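Okay, so here's the structure we're looking at.
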Amino acid sequence: MQTKRSDPGIQAAIGYQLRRRHTDWDEAPKQATFSRAGIINRAEKIRAAVEEVTGSSDHLGVDAAFEETRSFVDTAFDIYEGKIESEQYGWVFAVPGRNETSQGNEYETEVTPFLPILSSVYGVDDKTRQHTTARLAPCVIETHKGRASMKGAVVWTPLYVNAATRLDTNLWRRFVVDNTAGIRHSVNRTAEFAAHRLGARVMGLGASIPSFTQLGKSIKQEGLITTTGHAGTVHLLNETVRHVVETRGTSEKTIGLLGAGSIGSSWAELHLLTDRKHRVSVYDRNHSQVDRLRRKVEQERVDVESHEFNVLESSDIIVSAINRTLDLDEMEYQTDRQISLQGKVIIDDSQPGAFDRKQVEARGGTLIWVVGQDTSDAQALHRPGGYSFGDTAGLHGKGAVWGCEAEVAAICLEDRLDLAVSSHVTHEMATNIGALCHSIGVEVARPLQSFGAPVQLNSESWPRTRSGSSGPIDRNWPSSRFAP
């Protein structure tokens, strides 16, 4: 999709009009409150604001964007409500939006391919975009090519997550307590849609859905099997770490781990079983998760750190599996220490991404996401519509897939529904799902990538010196988080 460019002044003026006239749009949406009329009404008001500010009836194609948005919304609700029939699918990959308030417009192209009126060129900010998409009914936003008569679908799962609460443990706990019931209701409506309207046998759970649904146990839909996607993710994460080690050689340092939750701890267990050369240094704000991990593995091979900074300092390879963003500029300010990532590789499995690529590269590091690629002749996981989960924060290249996406497809295509994951991932589960992924041709993506763009990993050896800390911070260090 070609990105439309708008005059920043006009864009800001439209945004001001929208915020001034529609203050009610700031109110957090209720979970599982789907509204056809509500979305179309907002689309109409966005178009009206654009026309008022610009004096043009079709500034940057706003009329076409409105009509395309309205058409998609009408079709989505018609299928959801059973007014029209849908194509049938063997599996679905359920995904919530990653575009959360306070992230800016980095994730906007995750939704603008099907709701183009929500583009920032029309003055729409991240809050309006997130609050609007939370009202969309469960719907198909892309398909997988599949094999023979069995195809897959990517299904939008409307959830609202307050990104600001991720920054504080107590605020996040309060948000989870207050919203889990509503989120589970929305996910169950998505499961009902997948089974009754789309005919799916298996539903894969993307991003944060497993954590809100007790790894799928709270999803109650007869005839539909759910799988968390965690085994596919852990397998692909371990393969990515292995690829980095094979490319760069063995580092003398520990491998760092940020986050000892379901993904992080499962990867650490698998890694420590399959790699006898490396120790793991781990940090998690929830100390009980770290204690749980140490009880499951050889404790002498796990170093517990007291801060994210220490993990970045002590490791050449850092695995991130957390549910919040880390601002390196802010971390430097708080610790009064300058962070050097020279020669280091961060493998970020967090979605939304925990690290900003510009910040990492400005400090000499390399940021990689955990992404697979369908290399098979059948191209079963290729998406015919070209949807990539976002131009600037999605996947790069044909056949690129998330690990959780590969898991549900492999289970269905290989008819191994007995391997669906609904509990904490063991190394046996990751190994079994990994074998299925290999059987359908899913390998670590080439080239490596992050934020929808390729990453070049050179074969230079690891730094010999301890490069994580270089003393007191230089206050003239350039801030790259918000650089253009």
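The values are calculated or read from the model by the stated rules, or taken from the named source; none is laboratory data. Worth saying up front: this structure is predicted, and the values here are computed from it rather than measured. Neighbour counts run over all protein chains shown; Cβ positions are idealised from the backbone, glycine included.
The condition (being at pLDDT 95 or above and either outside the structural domain of Ile79 (by TED's automatic domain parsing) or surrounded by fewer than 18 Cβ atoms within 10 Å (Cβ to Cβ) (or both)) is satisfied by just one residue among Val241, Val187: Val241. Yes or no: Ala48 in contact with an Asp or Glu (Cβ under 9 Å, 6 or more places away or on another chain), surrounded by fewer than 16 Cβ atoms within 10 Å (Cβ to Cβ), in a helix (DSSP H, G or I) and not basic (Lys, Arg)? Judged against the criteria, Ala48 is not a match.
Restricting the stretch 406-462 to residues that are assigned to a helix (DSSP H, G or I) and without any contact (Cβ under 8 Å) to a residue 12 or more places away in the chain, the residue that is farthest from Ala393 (Cα to Cα) is Asp418. When we screen Arg129, Arg135, Arg98 for residues that are basic (Lys, Arg) and farther than 21 Å from Glu67 by Cα, the only hit is Arg98. Please determine whether any residue of the stretch 120-138 is assigned to a helix (DSSP H, G or I) and in contact with a Lys or Arg (Cβ under 6 Å, 6 or more places away or on another chain). Yes, there is a match, as at least one residue in the stretch 120-138 is assigned to a helix (DSSP H, G or I) and in contact with a Lys or Arg (Cβ under 6 Å, 6 or more places away or on another chain). Please verify whether the stretch 90-98 includes one or more residues that are part of a helix (DSSP H, G or I) and more than 26 Å from Val161 (Cα to Cα). No, because not a single residue in the stretch 90-98 is part of a helix (DSSP H, G or I) and more than 26 Å from Val161 (Cα to Cα). Of the helices (runs of 4 or more DSSP H) lying entirely inside the stretch 178-285, those containing at least 1 residues that are within 20 Å of Ser315 (Cα to Cα) and touching a residue at least 12 places away in the same chain (Cβ under 8 Å) span 230-248, 262-274. For the stretch 9-21, the criterion of being in a loop (DSSP other than H, G, I, E, B) and within 29 Å of the chain's Cα centre (by Cα) is met by none of the residues. Residue pairs whose Cβ atoms lie under 6 Å apart, sitting 6 or more positions apart in sequence or on different chains, and linking a residue in the stretch 24-51 that is within 19 Å of Val73 (Cα to Cα) to a partner that is of a type in the set (Gly, Ala, Ser), are Pro29/Ala134; Gln31/Gly182; Gln31/Ser186; Ala32/Gly182; Ala32/Ser186; Phe34/Ala137. Of the residues making up the stretch 160-173, none is crowded, with 22+ Cβ neighbours inside 10 Å, under 30 Å from Val442 (Cα atoms) and touching a residue at least 60 places away in the same chain (Cβ under 8 Å).
Among residues that are of a type in the set (A, V, I, L, M, F, W, C) and either under 20 Å from Thr133 (Cα atoms) or crowded, with 24+ Cβ neighbours inside 10 Å (or both), Ala195 is not included. Residues in the stretch 60-82: is at least one in contact with a Gly (Cβ under 9 Å, 6 or more places away or on another chain) and either under 26 Å from Asn162 (Cα atoms) or buried (at least 22 other Cβ atoms within 10 Å of the Cβ) (or both)? Within the stretch 60-82 (the criterion being in contact with a Gly (Cβ under 9 Å, 6 or more places away or on another chain) and either under 26 Å from Asn162 (Cα atoms) or buried (at least 22 other Cβ atoms within 10 Å of the Cβ) (or both)), the answer is no, since none of the residues qualifies. Here Asp374, Asp356, Asp349 are screened, and the one residue that is among the charged types (D, E, K, R), assigned by TED's automatic domain parsing to the domain that holds His278 and surrounded by fewer than 24 Cβ atoms within 10 Å (Cβ to Cβ) is Asp356. Counting only strands (runs of 3 or more DSSP E) that sit wholly inside the stretch 294-340, not one has at least 3 residues that are in the same structural domain as Gly264 (by TED's automatic domain parsing), touching a helix residue (DSSP H, G or I) at 6+ places or on another chain (Cβ under 8 Å) and modelled with pLDDT under 95.
Of everything in the stretch 217-237, what is surrounded by fewer than 24 Cβ atoms within 10 Å (Cβ to Cβ) and within 15 Å of Val425 (Cα to Cα)? Give them in sequence order. Passing the criteria: only Lys217.
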